[in-house]
1. Whether any residue in segment 276-291 is surrounded by fewer than 19 Cβ atoms within 10 Å (Cβ to Cβ) and without any contact (Cβ under 8 Å) to a residue 24 or more places away in the chain is what I want to check.
2. Is it the case, given these coordinates, that residue 236 is in contact (Cβ under 8 Å) with a residue 60 or more places away in the chain and in a loop (DSSP other than H, G, I, E, B)?
3. Would you check if there is a residue in segment 193-200 being in the same structural domain as residue 248 (by TED's automatic domain parsing), assigned to a loop (DSSP other than H, G, I, E, B) and modelled with pLDDT of 95 or more?
4. Within segment 21-42, can you find the residues that are of a type in the set (Val, Ile, Thr) and crowded, with 17+ Cβ neighbours inside 10 Å?
5. Return the total of residues in segment 156-170 being surrounded by fewer than 18 Cβ atoms within 10 Å (Cβ to Cβ) and not β-branched (Val, Ile, Thr).
6. Just a yes or no: is a residue in segment 308-315 modelled with pLDDT of 75 or more, of a type outside the set (Lys, Arg) and under 30 Å from residue 227 (Cα atoms)?
7. If I ask for residues that are surrounded by fewer than 19 Cβ atoms within 10 Å (Cβ to Cβ) and either charged (D, E, K, R) or closer than 17 Å to residue 30 by Cα (or both), which ones from segment 295-312 would you list?
Amino acid sequence: MSSHPRRVRLKPWLVSQVDNGTFPGLIWLNRETKRFQIPWKHATRHTPQQEEENTIFKAWAVETGKYQEGVDEPDPAKWKAQLRCALNKSREFNLIYDGTITQTTTYSSCVCAHLANKANSDSDNALCVCLVTDLEVQFYYRGKEVCPPVIVSNPQGCRLFYGDLGPIVNQEELFGPVSLEQVRFPSTEHITNDKQRVFTSRLLDVMDRGLILEVSGHDIYAVRLCQCKVYWSGPCAPNPNAPNLIERQHRVKLFCLESFLSGVITHQRGQSSSESPLYDIHLCFGEEWPDDRPRERKLIMVQVVPVVARMISEMFSGDCTRSFDSGSVRLQISIPDIKDNIVTHLKHLYRLLQTHQGQENWLPQRL
């Protein structure tokens, strides 16, 4: 009998294994966008036992107490299933399979693509993992970046605030949930213009409670707690050319992944005369936005980018050189659930990508 299973946080544990380089093939593909690869070799009777056991899968089984060395019978297939199950259950990871084995498509509900590792044989494939809830937050004071972009990896979101008051247990109405990542506005010490520094400080002084950026499912919401009024523009804004106020204590949807994917599909099929759908969100603190003044004239602006949306946009960038008839891509929804809708949209995106790049064997083949 194995030891009693214990709870282990998958994200910090798995990321540390990638950083350590302990297991061959478990490597970063893009450290900035938090994409890494897990070698997912299919076992055969010719695979050496030592190679099957010295894997990330066994390490996870040991770490979680589901396998005890010298007590339990080694079961590499079970170890793989356990890690795959943990990855699929987690809201912090997204799985992309780049092999040609049909069974892997069962587990692909992915929202970006990795087209590398084409040298893999038919019996091997690799798993690319990225964090789908990541937000990139960039602060601008009078149009100037005042610090490097902040990457928020908390699956629940973050709180943008200024001051010394952090979240307090049982005081969520004042400062929001304690589980949120806390992102502090940069100070005004580097502002050289005296008047700009005074007015900027005046706004920051009433941002103690802050603005919450909540990640819920595949959408992003804002909840304004602070005294400072906040205006915004973005893909879900009701008025693209007029000020949009985030009312205090109101939950406002800033971004919808399902709508973004629908827009990408429509654009790639040539059914939209407009440009590819927008995904970046602009928050303006203490001044109306959008109005007749450019962003560079605003005292405090914050740009929020859903990282996964940017990855999709970059992946499908470029002019559509082919025309598509209405029968080439068919939207089918078996269950009216948002996750099923997203998976359906992404299947169409993959078909479009395959058509664009002429990679007839890119999608997994059915047996």
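1. Within segment 276-291, not a single residue is surrounded by fewer than 19 Cβ atoms within 10 Å (Cβ to Cβ) and without any contact (Cβ under 8 Å) to a residue 24 or more places away in the chain.
2. Against the criterion (in contact (Cβ under 8 Å) with a residue 60 or more places away in the chain and in a loop (DSSP other than H, G, I, E, B)), residue 236 does not qualify.
3. Yes, the conditions are met somewhere in segment 193-200.
4. The answer is 33, 38.
5. The qualifying residues number 7.
6. no
7. Scanning segment 295-312 gives 295, 296, 297, 310.
For every residue, the table says whether it meets (1) modelled with pLDDT under 85; (2) touching a Phe, Trp or Tyr at 6+ places or on another chain (Cβ under 7 Å); (3) among the hydrophobic types (A, V, I, L, M, F, W, C); (4) farther than 25 Å from residue 310 by Cβ.
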residue	(1), (2), (3), (4)
36	yes, yes, yes, no
45	yes, no, no, yes
56	no, yes, yes, yes
91	yes, no, no, no
99	yes, no, no, yes
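The values are calculated or read from the model by the stated rules, or taken from the named source; none is laboratory data. Predicted, not measured: the structure shown is a model, and the values here were computed from it. Every residue, glycine as well, gets a Cβ built from its backbone with ideal geometry; the counts of neighbours run over all protein chains shown.
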